[in-house]
Amino acid sequence: MRRARLLYVPFWGTYVFLYLPIAVLVVMSFNSGESAYTYEGFSLKWYGELARDERVLDGLVNTLIVAAGSTVIATVLGTLLAVGLARHTRSRTLDAIALMPAVLPDLVLAIGLLLFYGVIQLTLGLYSVVLAHGLFSMAFVAAVVRTRLTGSDTSLEEASRDLGAGPVQTFLRITLPQLMPGIVAGALLAFTLSLDEFVIAFFTIGNTEQTLPIVIYSMIRFGVTPEINALAAILLLVSFTAVIAGQRLTKIGERESNRTPGAPREAIKVQGEADSTDVGEKRAEN
Amino acid sequence: MKSEVKARPVSRSRGRRLGAFVFLSPGVVYLTVLLLVPLALVLSNTVFRRGRFGGVVYEFTVENFERLADPLYLGVVANSVKIAAITTLIALLIGYPTAYLIAQLPGKWKTVALVAIVLPFWTNFIIRVYAWIILLSGPGLINSVLGTKLELLYNQGTIVTGLLYSYLPLMVLPLYAAIERLDPQLREASANLGASAFTTFRKVTLPLTVPGVMTGCLFVFVPSFGNFVIPEILGGSKSIMVGNLIRDQFLKARDWPFGSTLALAIIAVLVLLLLVQAWVTRRA
């Protein structure tokens, strides 16, 4: 038992390590002084400063455009690809290639795309980032949707075909509804990944536009003010809310799909858990 | 009747091929154009000469590889391996006990603990790195609490801290998945047969979770190794990692062929690691 108690040191250490910097960041955002280091008193002035900063607002709008565009591409292509890989081919090579954008270091993808855009002489801008984010998000959507496909049985689809439904009708009315929780989870993942993505955007956006992470990056390089802390605090609040809401939603989704006939229990593990381990094993296979 | 029975499988198989085309071709086209062609460009660039004002001159040369063999650049690659390896090792040493304890928690707390591990991961990557500037800088929190004037920023330790902070969740999650899957009866049996807690861990728990360990190590090592943002923000200008070097070749020196060669070195190290991982996992 004493040994087990010793294990609590790294356990709590981990959580302190993870949350101490965040706590300091948030506290400093309410600083009335000019410095991001020394706390002088409570004030919301940096939040006002932030709301007037056009570079930040433009960056935010650009980020949302990129995230929305790339999520649409990734969700449609990734879902089709997942169904195709699970039901229409046995090619391991294709499997591996489909997962590559998620496995390769972002820097390698970034320079590859930069070279490619150079060769086809595409003027860089938001759409070149949309295409690039669509690429790696597609890999994640495909992986998440596949976790629902493997293990779900094909008997419903076969029954539908035997009862005279065409392939299109079967896909739209049987396969797609069964996959929907996976597709939604994949789309959410794609959206969040794009919001946060820096390296690929940095390389493929050119000189005229900036996404929010790029704005933050250049703000930090210029010097540290509590305005960045205020921005950080707001972003933290947004992503914490989104993650917790997402967690709630998957729980509700699970309860619903537990009631759906034809969905075997093994297929409905905790969504996040199933995803992370599955992607993990896929990475390992490559 | 007979003709119908015969006809159906034929139309089904044609339908299958059509289905394969409809489902697979959009993704395959996208992957070919935006993944395979760009990767081919990176690869082919490694044997070409740089243009005088950037760009690539399509003239065969091995000078990029000769430059890579220069101790100056090989040293940077080796340094990156070292920093990523240290980060991975610390992540494993902290992450394993954490994952182990999370797996023992009762149901509801397990979810809370896991979400709390992942939560910082979903916030902006650069902001998470920035938080450490506030903590570690000269007038920062740690110095003012300790009343010291330590030079905590801009060294290799700071880079390791930043990498660890960014990628620790990627170590804990696969470890948790591996430990969670263990049958507790195995440990009970080991204890009943007289093994100490440590022996049980060494002979039962650890060997059975090796695949999780390997996955977690890979998840931490890969993004650490190729990173250029964290060394740039937290490392100052002194210690460069191979990621910084590649960034500079593309955006400053405009030497795309050499930048591509460095990227190939990154890929080579990663392929090597994947092979090691596959080998270890198969043996375990």
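The values are calculated or read from the model by the stated rules, or taken from the named source; none is laboratory data. Quantities reported herein were computed from a predicted structural model and do not represent experimental measurements. Because the Cβ atoms are built from the backbone with ideal geometry, glycine has one as well, and the counts that use them run over all protein chains shown. Side chains included, ligands, DNA and RNA excluded: accessible areas come from the protein's heavy atoms. Shrake-Rupley method; radii C 1.70, N 1.55, O 1.52, S 1.80 Å.
So for the pair residue B:251, residue A:172, with labels modelled 7 Å out along Cα→Cβ, what separation do we get in nm?
4.6
Say a paramagnetic label sat at a point 7 Å from the Cα of residue A:91, along Cα to Cβ; which residues of the stretch A:171-202 have their backbone N under 15 Å from it?
Output list for this probe position: empty.
At a 10 angstrom cut-off on C-beta neighbours, averaged per residue, how do the peptides A:14-23, B:117-126, A:189-198, A:153-162 rank from highest to lowest?
A:189-198, B:117-126, A:14-23, A:153-162
Compare the peptides A:88-94, B:203-209 by average per-residue count of other Cβ atoms within 10 angstrom and give them in order, highest first.
Ranking, from highest mean packing down: B:203-209, A:88-94.
Under a 5 Å amide H to amide H cut-off, with H placed in plane at 1.01 Å, what residues pair with residue B:55 once short-range neighbours are removed?
Correct list: B:256.
Each label point is 7 Å from the Cα along the Cα-to-Cβ direction; what then is the distance between the points at residue A:72 and residue B:108, in nm?
4.3
How many partner chain Cβ atoms sit within 10 Å of a residue's Cβ in peptide A:75-83, on average, as a whole number?
The per-residue average across the peptide is 4.
R0 = 35 Å: FRET efficiency of residue A:222 with residue B:272, Cβ-based, nearest 0.05?
Here the calculated transfer efficiency is 0.35.
Report the per residue volume, in Å³, of the convex hull enclosing the C-alpha atoms of the stretch A:80-168.
130
Taking each residue in A:17-29, count the Cβ atoms of any other chain within 10 Å of its Cβ, then average. What number comes out?
That average works out to 5.
Report the one residue of A:81, A:165, B:209 whose Cα lies farthest in the direction of the positive end of the charge dipole of the protein assembly as shown (charges on C-beta: Lys and Arg +1, Asp and Glu -1; origin at the Cα centre).
A:165
Report D for the protein assembly as shown in µm² per second (integer): Stokes-Einstein, Kirkwood Rh on Cα pairs, 20 °C, 1.002 mPa s.
Taking Rh from Cα pairs, D becomes 84 µm²/s.
Ignoring ligands, DNA and RNA and using a 1.4 Å probe, state the total buried accessible area between B and A in Å², rounded to the nearest 100.
Answer for the B-A pair: about 7800 Å² buried.
DSSP H helices in chain B with Cα extent of 15 Å or more along the helix axis and mean Kyte-Doolittle hydropathy at least 1.6?
Qualifying helices, which must be both long enough and hydrophobic enough, are B:125-136, B:210-225.
Using bins 10 angstrom wide from zero, how does P(r) for the stretch B:70-113 break down, in % of all Cα pairs?
All Cα pairs, binned at 10 Å, distribute as 25, 27, 21, 15, 9, 2 percent.
Within the accessible area of the protein assembly as shown, what % is carbon and sulfur when the probe is 1.4 Å and the other protein chains stay in place?
C and S atoms contribute 66 percent here.
Just for the Cα atoms in chain B, what are the lengths along the principal axes, largest first, rounded to whole Å?
92, 72, 34
How high is the FRET efficiency between residue A:23 and residue B:21 when r is their beta carbon distance and R₀ equals 51 Å, given to the nearest 0.05?
Working from the Cβ atoms, E equals 0.40.
Given a Förster radius of 41 Å and the C-beta distance between residue A:58 and residue B:197 as r, what FRET efficiency does 1/(1 + (r/R0)^6) yield to the nearest 0.05?
Calculated transfer efficiency: 0.10.
Could I have the simple spin-label model distance between residue B:93 and residue A:40, label points 7 Å from Cα toward Cβ, reported in nm to one decimal?
Simple spin-label model gives 4.2 nm for this pair.
Summarise the partner chain shielding of B:244-254 as one whole number: the mean count of Cβ atoms from other chains within 10 Å of each residue's Cβ.
2
Heavy atoms of the protein only, probe of 1.4 Å, neighbouring chains included. What is the accessible area of residue A:103 in Å², nearest 10?
We get 30 Å² for residue A:103.
Report Rg/Rh for chain A, rounded to two decimals, where Rg is the Cα radius of gyration and Rh the Kirkwood radius.
In chain A, Rg relative to Rh is 1.04.
Ignoring everything except DSSP H segments at least 4 long, calculate the 222 nm mean residue ellipticity for the protein assembly as shown; use -39,500 (n - 2.57) per segment, divide by total residues, nearest 500.
Only helices count here, giving -24500 deg cm²/dmol.
Using a 1.4 angstrom probe on the protein heavy atoms only, line up B:276, A:26, A:9 by accessible area, largest first.
I get A:9, B:276, A:26, largest accessible area first.
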